[in-house]
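The values are calculated or read from the model by the stated rules, or taken from the named source; none is laboratory data. All values reported here derive from a predicted model rather than from experimental measurement. All Cβ positions, even for glycine, are placed from backbone atoms using ideal geometry, and neighbour counts span all protein chains on display.
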Amino acid sequence: MRETISRLRQSFEEDCAAVTGSEDWKAVRDKYLAREGGLVTGALKKLRELPKEERPAFGQAMNALREFVEDRLDARLQAVKAGERDRKRPFVDVTRPGVPLAPGSAHPIKRLQAEIEEIFVSMGFEVLDLPEIERDYYNFEALNMPPNHPARDAQDTFYFDDATLLRTHCSSVQVHSMETRKPPIRAISTGKVYRRDPFDATHSPMFYQVDVIVVEEGLHMGHLKGMLDVFLKRVFHPGIKMRLRPGFFPFVEPGAEVDISCIFCSGKGCAKCKQSGWIEILGAGMVHPRVLEMSGIRDPRVTGFAWGMGIDRVAILKYGVDDIRLFFDNDLRFLNQF
Ligand code: PHE
C-alpha cells in the first residue's frame, strides 16, 4: 500500500516537473485528479476494498497525497503562467546605449513672432488670430482700397476668385477688431502674408507680419510715436533712434515710413544702411477716417493709429542674415545657430 502511494507520488512529481505550458498542465491535472479515471481519485475509491483496519491509515496517506498534488499543481500553474507572460514580452536589453533624439526647437521667425506678441501682451494688447484666406473686403476694400484702386498693384495678390484671396498684409486686424469691439481697442495680429513676389535674397512670396491697431478717444501722432519708440527699443536695442518720414498708405492719414538708426553702424553710415545711417523698418499712421467709418466707428472724438511691420525683416536685421531664403530652406546647420 505504502509502495503504491510512493510510486504514485514519484510519477506525479516527474510529470509535474515536465510541464512547460498550460496545456501540459491540464493533462497532468486530469491524469491525477480527474473525477473519473484520475490516478489519485481512482486510488481513493479503492478504500472500500481494503480490510477495515487498514482503511484509516490508507485514507490519511491518500488525502495527504491529494493535498500534495493539488499544492504542487497550483504552484506549477503560477510558474507556467509567469513563463508564458515573459515569453510574450519583448526582450529589452537595459544595458544598451540609448538612441540620441534630436529635440526640435522653435524656428527663429516663430520665436521672434512670440517675442513680439509678448511685448504687446505686456502693454495690455489682445492678440487676434485672423484668417490667411481672406475676403477682398477685409484685405482691401474696407482699408480704403476699392476695386481698381492703384494701391492694390503694390501688393501683387494671389486670388482664389474675385472676392477671396491670400491676405497680402495683416492690416485686416484694423477692420476685424473695430467691427467686433468697442473703443478703447488695443489689438495686434501676427502671421503669414502672401504676395506674388519672386523668391530671391530680399523677397519671398510668403513672409510674416505684425500689425498693430489702437483706437480710442483723443489719440494723435504723438501717441503713435511714443508707443513705436517703446516697441522698437524693446525689439532691437534701448539705444536705437527712430525717425518718421511722410509715407502713403491708403488706410492711414497722415501716413509715415518709420526708420531706425542703423543697428550695424549705430547711425555712422555703412554698407548695410547704404551710408545713410538709417534703416527703413515699418509703415504707420493715423487710421483713415473712412476706415473708421466703414468699420462702424462713428464718434468723431475717437481716432486710431496703426502700424505694420515685417517680422522676417526684423529677423534679418537682428541676426545679421543677408538672405531671407535661409529662413525657409529648413537647413538644420543654419537653424541650429539660433
Ligand atoms: N500694411 C502695410 C504693409 O504691408 C503696413 C502698414 C500697416 C502701414 C499699418 C500703415 C499702417 O506694407
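Summed over the range 274-284, residues that are buried (at least 19 other Cβ atoms within 10 Å of the Cβ) and closer than 16 Å to A315 by Cα total 3.
Checked against the criterion of being away from the ligand (no atom under 13 Å from the Cβ) and either buried (at least 17 other Cβ atoms within 10 Å of the Cβ) or touching a residue at least 12 places away in the same chain (Cβ under 8 Å) (or both), the range 171-178 has at least one qualifying residue. Per the listing L228, L224, L232, L219, the residue uniquely part of a loop (DSSP other than H, G, I, E, B) and crowded, with 19+ Cβ neighbours inside 10 Å is L219. When the criteria are applied in full, P131 fails the requirement of being at pLDDT below 95 and not basic (K, R). Of the residues in the range 197-215, at least one is within 29 Å of the chain's Cα centre (by Cα), more than 11 Å from the ligand (Cβ to nearest atom), surrounded by fewer than 22 Cβ atoms within 10 Å (Cβ to Cβ) and part of a strand (DSSP E or B).
In the range 241-281, the residue that is farthest from G304 (Cα to Cα) out of those that are of a type in the set (D, E, K, R) and assigned to a strand (DSSP E or B) is E280. Only one of G218, G191, G255, G226 is away from the ligand (no atom under 12 Å from the Cβ), touching a residue at least 24 places away in the same chain (Cβ under 8 Å) and more than 30 Å from F328 (Cα to Cα); which? Going through G218, G191, G255, G226 in turn, just one is away from the ligand (no atom under 12 Å from the Cβ), touching a residue at least 24 places away in the same chain (Cβ under 8 Å) and more than 30 Å from F328 (Cα to Cα): G218. Pairs linking a residue in the range 302-315 that is more than 28 Å from K182 (Cα to Cα) to a residue that is part of a helix (DSSP H, G or I) and within 11 Å of the ligand (Cβ to nearest atom), with Cβ atoms under 9 Å and 6 or more positions apart or on different chains, do not occur. What are the residues in the range 16-28 that are of a type in the set (A, V, I, L, M) and either assigned to a helix (DSSP H, G or I) or more than 58 Å from the chain's Cα centre (by Cα) (or both), if any? Passing the criteria: A17, A27, V28.
For the range 301-315, enumerate the residues that are within 16 Å of the ligand (Cβ to nearest atom) and either of a type outside the set (D, E) or surrounded by fewer than 18 Cβ atoms within 10 Å (Cβ to Cβ) (or both). Don't jump to the end; show me each part of the working.
Taking the range 301-315 and keeping what is within 16 Å of the ligand (Cβ to nearest atom), we get 303-314.
Correct list: T303, G304, F305, A306, W307, G308, M309, G310, I311, R313, V314.
Filtered by the rule that a residue be in contact with a strand residue (DSSP E or B) (Cβ under 8 Å, 6 or more places away or on another chain) and either more than 12 Å from the ligand (Cβ to nearest atom) or free of Cβ contacts under 8 Å to residues at least 60 places away in the same chain (or both), the range 279-300 gives I279, E280, I281, L282, G283, P289, L292, I297, D299. The single condition among (1) in a helix (DSSP H, G or I); (2) within 30 Å of F140 (Cβ to Cβ) that G308 does not satisfy is (1). Is there a residue being touching a residue at least 60 places away in the same chain (Cβ under 8 Å), in a helix (DSSP H, G or I) and surrounded by 12 or more Cβ atoms within 10 Å (Cβ to Cβ) anywhere in the range 120-127? Yes, the range 120-127 has at least one match.
Here's the yes/no breakdown for (1) surrounded by 13 or more Cβ atoms within 10 Å (Cβ to Cβ); (2) out of contact with any His (no Cβ under 8 Å at 6 or more places or on another chain); (3) assigned by TED's automatic domain parsing to the domain that holds A79; (4) in a helix (DSSP H, G or I):
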residue	(1), (2), (3), (4)
L8	yes, yes, yes, yes
E14	no, yes, yes, yes
D30	yes, yes, yes, yes
G37	no, yes, yes, no
V40	yes, yes, yes, yes
N63	no, yes, yes, yes
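Of all residues in the range 111-132, none are in contact with a Pro (Cβ under 9 Å, 6 or more places away or on another chain) and within 26 Å of G296 (Cβ to Cβ).
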